[in-house]
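Report on one structure; see the data block that follows.
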Amino acid sequence: MDSSASVETHHDPHAHAGEHEHHELGWWRKYIFSTDHKVIGIQYGLCGLSFLFLGFCLMMLMRWQLAYPGQALPVIGKFLPHIFGPGSMPDGKMTPDFYNSLGAMHGTIMIFLGVVPLAFAAFGNFVVPLQIGAPDMTFPKVNAASFWAFGVGGVIMLISFFVPGGAAKSGWTSYTPLAAIADSGPGHNPVFNGQTLWLIGFIFLITSSLLGAVNFITTIIQLRAKGLTWMRLPFFVWAQFVTAFLLLLAFPPLEAAIVMQLMDRVAHTSFFLPTGLVVNGVPMSISGGGSPLLWQHLFWFLGHPEVYVLILPAFGIVAEILANNSRKPLWGYKSLVFSVLVIGFLSFIVWAHHMWLTGMGTAVSAFFQTTTLLISIPSVIILSAFFISLWGGSIRFNVPMLFTIAFLPMFGIGGLTGIPLAFNSADLYLHDTYYVIAHFHYIVAPGTIFGLFAGVYYWFPKATGRKMSEFWGKVHFWPTLICMNVIFLPMFLQGMAGMHRRWYDGGQGWGVANEHTIWGLTGFQWNHPISWAAWAMGLAQIPFIINFFWSIKHGEKVNDNPWEATTLEWTAPSPPPHGNFVHTPVAYRGPYEYSLPGRERDFTMQNEPVEPAERTRRKPPAEPVLA
């Protein structure tokens, strides 16, 4: 079916009026069990932000144990055993098992219940159909099913905190054979235990992502507005398009692996359990013959594309805000598009750089070292294009732009510090140290999450018709930026000093963490300023939370295009009605036509027809004149 015909059908005003007259939806159907892409996007957004805050709270608990190991947590410590069980924090002091649970669930919640739902599902659902001029997603009911599968997975993950033994303890990567035998034996239910519930919850989360990925790909291909050719798509749409393919191709192997690990736990198979496994001095009674390394391959085949699932939507958000607030076209649009396509392809052939310590041969390691270095090239092209886009611009330093500008050097630090990890010789020393923590978090925390904050401030007026407070946005931004760097920059120093990322006592009992001073502090002593900065950053999120909810009803009312942007979502009313557009949009030009010569305004929207004066023909070159 022709996409333009489809759009026309959805935008028949008489059909619309009749539909509303006879089929007005109730509150539950309209706002809870909705099939409207905008409502689903907002649902994903609120859930994603909530899970991000929960995951951050788990990290703040861990930071107490790292800075003050063995000491009782003041004020709230005595209440936590009533929430997480008596084995979590007796007398307010954290147990090793509870610390491991916090570490595993912090990573799981932040990535799979926080950043992915917010970056891909929330922004993608709300913004992509509006940017391509579509009335909705191609499969609205599949879209709703995707959200509710995510909801079920999230609830199962939360329930795991309250079962006997507590939540999963085998890390967010769930490495076997530890993950296959953890939370089993006397005192543990065969199904209602932390590790098994982690696997079951993950199955629902993967199913949610797969349903969403199919829907995004189909929508972007089929429902683009008339005139919106591939090279007229906003870069954000390209980023979401590639992200959807990453999820669609990388998640099925992990879902199969999770089902196999689940069978190892509940059906006594041995997909990942080797022969001769000894636990607590006793040989395990298993069939054996499985491979723990197989789990690592299947996990990281998803795990590395997952890094780009986190970062590509942030690239897209940054591109939109950068062009809008520099008031000039995005530099190198086609190079950005081809770079993101190359990243999508290469991300599938770099996964084994997470596995240098598994003893792979020199030929295989050389291949993965080469591909890992190659994938840095398109990333550098994208970052360079963003920096060049600022050159000569008339920059507006509003809150979305502040987060966007901060994203650029923060992501740059994360990317550059990953290069040593690409070499197996350097990684032998740095693997599983705080250096890896710092590198990854510079990519995801001041990188991706800054991009997501920028997107929230930028598209909030489109969703609500009101702007968030600029003053409180800056009160949110500056402490967050400073604390982010105080938290993660010293971790590079700790890692190079040899401090391990999973020490329950923060390195207090290890010589390598106490023998040398770095800038006047030992590796262990650096835990104090890092932890205090983490808690300060938690306080810095309070202005954002209050600003967000207060502005929904009391923020400054704005028109449909408060940022004076050029892409199609700003031609829709704010907030957009069912069907999104009053008139069917038609695209006549590219997505970033800012500051065109001869125009009255410094922005020209995609739905504005090209004027005859713009169709200037190139004059033939003058004949050379001989002196």
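The values are calculated or read from the model by the stated rules, or taken from the named source; none is laboratory data. Worth saying up front: this structure is predicted, and the values here are computed from it rather than measured. Virtual Cβ from ideal backbone geometry, glycine too; neighbours counted across all protein chains shown. Remember, those area values only see protein heavy atoms, side chains included, never the ligands or the DNA or RNA. Shrake-Rupley method; radii C 1.70, N 1.55, O 1.52, S 1.80 Å.
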**Complete:** Of the residues in the stretch 33-78 that are of a type in the set (Val, Ile, Thr) and open to solvent by 40 Å² or more (accessible area, probe 1.4 Å), the one that is modelled with the highest pLDDT is Ile42
**Request:** Collect the residues in the stretch 528-559 that are closer than 18 Å to Phe450 by Cβ and not hydrophobic (A, V, I, L, M, F, W, C), keeping them in residue-number order.
**Result:** Gly538, Gln541, Pro543, Asn547
**Request:** Assess whether Ala72 counts as being at negative phi and free of Cβ contacts under 8 Å to residues at least 40 places away in the same chain.
**Result:** yes
**Request:** Select from the stretch 587-602 the residues that are buried (at least 17 other Cβ atoms within 10 Å of the Cβ) and either acidic (Asp, Glu) or farther than 23 Å from Leu336 by Cα (or both) and list them in ascending order.
**Result:** Glu593
**Complete:** Checked the stretch 531-576 for anything among the hydroxyl-bearing types (Ser, Thr, Tyr) and closer than 27 Å to Arg232 by Cα; matches are Thr566, Thr567, Thr571, Ser574
**Message:** Here is a check on your reading of the model: is Pro378 open to solvent by less than 20 Å² (accessible area, probe 1.4 Å) and at pLDDT 95 or above?
**Reply:** yes
**Request:** Return yes when Thr433 is more than 15 Å from the chain's Cα centre (by Cα) and in contact (Cβ under 8 Å) with a residue 40 or more places away in the chain and no when it is not.
**Result:** yes
**Item:** Residue list for the stretch 249-287, filter: open to solvent by less than 60 Å² (accessible area, probe 1.4 Å), touching a residue at least 40 places away in the same chain (Cβ under 8 Å) and under 27 Å from the mean Cα position of the chain (by Cα)
**Value:** Ala250, Phe251, Pro252, Pro253, Leu254, Glu255, Ala256, Ala257, Ile258, Gln261, Leu262
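Conditions tested, residue by residue: (1) modelled with pLDDT of 90 or more; (2) on the phi > 0 side of the Ramachandran plot; (3) buried (at least 16 other Cβ atoms within 10 Å of the Cβ).
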position	(1), (2), (3)
Leu493	yes, no, yes
Gly506	no, yes, yes
Gly511	no, no, no
Gln525	yes, no, yes
Ala534	yes, no, yes
Met537	yes, no, yes
Phe549	yes, no, no
His554	yes, no, no
Glu569	yes, no, yes
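Residue by residue, here is whether (1) of a type outside the set (Asp, Glu); (2) open to solvent by 20 Å² or more (accessible area, probe 1.4 Å); (3) closer than 29 Å to Met468 by Cβ; (4) touching a Gly at 6+ places or on another chain (Cβ under 9 Å) holds:
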site	(1), (2), (3), (4)
Phe348	yes, yes, no, no
Phe368	yes, no, no, no
Phe397	yes, yes, yes, no
Leu408	yes, no, yes, no
**Prompt:** Does any residue of the stretch 357-377 turn out to be within 30 Å of Thr176 (Cα to Cα), touching a residue at least 60 places away in the same chain (Cβ under 8 Å) and either basic (Lys, Arg) or in contact with an Asp or Glu (Cβ under 9 Å, 6 or more places away or on another chain) (or both)?
**Reply:** yes
**Prompt:** In this structure, is Gly538 in a helix (DSSP H, G or I), out of contact with any Lys or Arg (no Cβ under 7 Å at 6 or more places or on another chain) and closer than 23 Å to Ser101 by Cβ?
**Reply:** yes
**Message:** Against the conditions (1) more than 20 Å from the chain's Cα centre (by Cα); (2) of a type outside the set (Gly, Ala, Ser); (3) under 28 Å from Asn580 (Cβ atoms), where does Tyr457 fall short? Just the number, please.
**Reply:** (1)
**Message:** Which pairs turn up if I take residues in the stretch 173-189 that are of a type in the set (S, T, N, Q) and look for partners that are surrounded by fewer than 17 Cβ atoms within 10 Å (Cβ to Cβ) with beta carbon separation below 8 Å, at least 6 apart in sequence or on another chain?
**Reply:** Ser184/Pro190; Asn189/Pro164
**Request:** Could you list all residues from the stretch 132-159 that are among the polar types (S, T, N, Q) and open to solvent by less than 10 Å² (accessible area, probe 1.4 Å)?
**Result:** Asn143, Ser146
**Request:** Determine which member of the set Thr218, Thr243 is of a type in the set (Val, Ile, Thr), at pLDDT 95 or above, open to solvent by 10 Å² or more (accessible area, probe 1.4 Å) and within 22 Å of Pro305 (Cα to Cα).
**Result:** Thr218
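Residues checked against (1) within 30 Å of His528 (Cα to Cα); (2) of a type in the set (Gly, Ala, Ser); (3) crowded, with 24+ Cβ neighbours inside 10 Å; (4) without any contact (Cβ under 8 Å) to a residue 60 or more places away in the chain:
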{"residue": "Arg466", "(1), (2), (3), (4)": "no, no, no, no"}
{"residue": "Trp472", "(1), (2), (3), (4)": "yes, no, no, no"}
{"residue": "Trp478", "(1), (2), (3), (4)": "yes, no, no, yes"}
{"residue": "Ile482", "(1), (2), (3), (4)": "yes, no, no, yes"}
**Message:** With open to solvent by less than 10 Å² (accessible area, probe 1.4 Å) and part of a helix (DSSP H, G or I) as the only criterion, which of Pro117, Pro81 stands out?
**Reply:** Pro117
**Prompt:** Of Gly171, Gly165, Gly185, which residue is in contact with a His (Cβ under 6 Å, 6 or more places away or on another chain) and not in a helix (DSSP H, G or I)?
**Reply:** Gly165
**Item:** Search result, residues across the stretch 171-196 that are buried (at least 23 other Cβ atoms within 10 Å of the Cβ) and on the phi < 0 side of the Ramachandran plot
**Value:** Thr176, Ala179, Ala180, Ala182, Asn193, Gly194, Gln195, Thr196
**Request:** Would you mind stating whether Thr218 is part of a helix (DSSP H, G or I), among the β-branched types (Val, Ile, Thr), closer than 17 Å to Phe120 by Cβ and out of contact with any helix residue (DSSP H, G or I) (no Cβ under 7 Å at 6 or more places or on another chain)?
**Result:** yes
**Asked** Could you give every pair whose Cβ atoms fall below 8 Å, whose first residue belongs to the stretch 301-324 and is modelled with pLDDT of 95 or more and of a type outside the set (A, V, I, L, M), and whose second residue is buried (at least 24 other Cβ atoms within 10 Å of the Cβ) and not in a helix (DSSP H, G or I), counting only separations of at least 6 or pairs across chains?
**Response** Gly316/Pro234; Glu320/Pro234; Glu320/Ala565; Glu320/Thr567; Asn324/Ala565; Asn324/Thr566
**Request:** Mind counting the residues in the stretch 328-345 that are touching a residue at least 60 places away in the same chain (Cβ under 8 Å) and either closer than 17 Å to Leu374 by Cα or open to solvent by less than 10 Å² (accessible area, probe 1.4 Å) (or both)?
**Result:** 6
